[in-house]
Structure formats: C-alpha cells, structure tokens
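Derivation of every value follows stated rules applied to the coordinates shown; laboratory data play no part. Because the structure is predicted, anything quoted here is derived from the model rather than measured. Virtual Cβ from ideal backbone geometry, glycine too; neighbours counted across all protein chains shown.
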Amino acid sequence: MLKKGLIFGEFIIAAALAMTLTGGGKPAEAAANRDTTGQVIQQEYHTAAADDNAGHGLDAEAEPELVIHSDFVCEKDDPKLIQAAVEGFEKYFDVTVDPSQFDVNVYAFDPFEDLEGSYSVDFSVPENYELLRADGSIGPDGFPLPEIKEKMRPQFYATFTKDKEIDGLYLSYMGWEVSEVPLNVEESKRAAEEFLKSHEMIADGKLDFMGATIIADSRTVLTYGNGKDGAVQVAVDTYAGKVEHFEYMSRKQAEIIIKPMEEGSGLG
C-alpha cells in the first residue's frame, strides 16, 4: 500500500504494512521522530538477507535495498482540513475528536513516482510516544505490551486525497472492551462488511471480497474491490470486534502489497 496511509511522518515502505495497519508501535515511533521542516528525507532499508550476505563477502544484490524518498511539508494549521477529519471520525466511527486535546499536525505530501499529492492530519499524544520509546514496551508481535497499552490515550490519523477528500481514517489505542477469544477471519469479514454497507462505502454497492491478511491475532485486514479500478481495506480489532481503520486505494496497489489469504483461513 504505497500511498499516504503509510506516510506516518518520515517513511513510505511496504515492509511497514503490518505496523501501519495496526496502530502499533512503529507508526507512533515514526511520528515521534518526524522532521517537520519540509525537507526531502532519504532513508535506506536493507533486507536481513542482503545485510547478512554483505557481511560474508556474498553478493549483497541478492536482496535489493529499498531507498525511500518522501517530500512533505508540515503545514501546522489548516482549520478546514482538521475539521473535515473531526467530522470523518464522527461519521464513520461515532467518535468525538477534540483537537484542543491533541498535538495536531497537518502534512502536505508532494507527488512521488506513482503517488499523487495528498494530505494528512495527525492527532497525536506525545505521552504515548514516550511510553512506546521505553525499552521493553513492544511485544514480539510488534504491538505495545498490555501493561503499556492500557496507559495510552486514544489518538487519530486521517489521510486525504489531493482534492482534500477523506480516503483513510485510523484509530489507535481506543481502550475498547475486549473478549478472551479473537474473531476468526469469517467473523472479521462480517464486521468489515457491516461497516462498509452501513456507510455505503462501495461505489457500486457490490461487495467484491479480495482477501484477508492476518497482521497478528489481534488484527485482521479485509480487502474489497471498489468499482473497476479501486479497492478499500478495512482493519478489524479482532479482540474488540470493531473496525479501527479503513483506507481507499487502487486495486493494483491492493493486489501488489497485500497477498490475500484464502477466504475462511486464519486464526480462530
């Protein structure tokens, strides 16, 4: 999903997909380390195999490096865009977001390769980032440990098209009541489809299920076609049984970045 939904401040990288869709540690960590000067940021990511080969005199090109370039400007203030985000969270999730209670940043992203220009609004909680930065705060699945998560406040992130229309909303650390057993893929699928139907989010009204991806036992992402060339992803918190994220994208992006699992497979 190489688009603005992955731009949590300083990087665009497919390998970060799991963390980006979960509200887990990495997006928050990236946001905590944002450079807001609007300069071009260049970072290099090497696969473990490439680094390992290089250390043994082998061909490092066996696994190519991925160099990321992201050009963005922190606008700091765009009242209309901030209000649009607030209204979006109210409409889709019945959640009231009071900007005065957050560190709010508005970002404008320049076009990059096949990505169009876009915007995002980040309602962040600096105290959350401090908790996430602490040693031992993240579990082996890449999510904050329960004792850390219960201390964190809800925070929100919205993405917009170049025309400033909402195309993604993310909830994190909502503190929802959870069950002991997570939803399986079929149950998560039902939750996602109810969400899509209730908000009339599919262009032609036809649910075209493309596949499910299990991020962790607490997160499942369901992907649906949206008209001829579009797609929409819905992430379900499987322990809470609630949708916590959606994002529109092209069908091509969905097919390339997400490798769907067979329907009905998965945990539960």
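Side notes on the structure shown:
- Using the empirical formula 2.2 N^0.38 Å as the baseline, the Cα radius of gyration of the range 183-268 reaches a ratio of 0.97.
- Computed 3J(HN,Hα) for the range 173-181, one whole-Hz value per residue from the Karplus formula 6.51 cos²θ - 1.76 cosθ + 1.60 where θ = phi - 60°, is 6, 7, x, 5, 5, 10, 9, 7, 10, glycine and proline marked x.
- For the range 183-268, with +1 on Lys and Arg beta carbons and -1 on Asp and Glu, the positive-most of Tyr248, Ala212, Leu222 along the dipole: Tyr248
- For the cross-link pairs Lys91/Lys149; Lys164/Lys206; Lys149/Lys228; Lys197/Lys252; Lys189/Lys228; Lys151/Lys206, the ones whose C-alpha atoms lie over 30 Å apart are Lys149/Lys228; Lys151/Lys206.
- Per-residue Cβ neighbour rank within 10 angstrom, fewest leading, Val236, Val97, Val221: Val97, Val221, Val236
- Remark on Asp208: its backbone amide H falls under 5 Å from those of Gly225, a criterion applied only to residues 5 or more positions apart or on other chains, H modelled at 1.01 Å from N.
- Taking other C-beta atoms within 10 Å as the exposure proxy, Asp114, Asp135 rank Asp135, Asp114 from fewest upward.
- Karplus 3J(HN,Hα) series, Hz, for the range 149-158 with 6.51 cos²θ - 1.76 cosθ + 1.60 (x for Gly, Pro): 4, 5, 8, 8, 8, x, 9, 9, 8, 10
- Ranking of Thr213, Thr223, Thr238 by count of other Cβ atoms within 10 Å, fewest first: Thr213, Thr223, Thr238
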